[in-house]
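Comments concern the structure below.
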Amino acid sequence: MKRLLAAAALAFVAACTSVGGTALTPAQSVYQLKSDYDAALTIAVTYKNLPPCGTTTNVPNVGAQKIVLCSDPKVVAQLLQADNVAYAAIQAAENTVRDPTVSQSGAQAATVAAQQALAALTSITATLQTK
């Protein structure tokens, strides 16, 4: 599992470091990370707002019950933990790239850490069914 996450993180970092063959600055990378975070967060919130697993609903005009899409509390807990880490890492990266006293390598290191934290969140949201 750790190797899979590491491979996903590396692929994510590679995807986020260039657009159309042009390397992104650390500030541009953070801006892209925030956009990607918003997309992942939308999926996570949609999943969290589903009824808890085990809930059934009546099917109109049939009288039968069907299982609806649901959220597993364990997965929701994982999402919350990954979200907390990703949010903090992205905020730290943003603060770092905005600090004029930080070196280019320091800004890049903060950006990579944020990318890895976001990769952990997106690895969970990529598996969720919300519709």
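Each reported figure results from applying straightforward, stated rules to the coordinates on display, with no laboratory input. All figures in this text were calculated on a predicted structure; none of them were measured in a lab. Ideal geometry is used to build each Cβ from the backbone, glycine not excepted, and the neighbour counts take in all protein chains shown.
Could you list, ordered by first residue, the pairs with Cβ atoms under 8 Å in which the first is in segment 105-131 and on the phi < 0 side of the Ramachandran plot and assigned to a helix (DSSP H, G or I) and the second is surrounded by 15 or more Cβ atoms within 10 Å (Cβ to Cβ) and of a type in the set (Asp, Glu), at least 6 apart or interchain?
Final answer for the pair search is Leu118/Asp36; Leu121/Asp83; Thr122/Asp36.
So, in segment 68-79, how many residues would count as being in a helix (DSSP H, G or I) and in contact (Cβ under 8 Å) with a residue 24 or more places away in the chain?
Total satisfying the criteria: 4.
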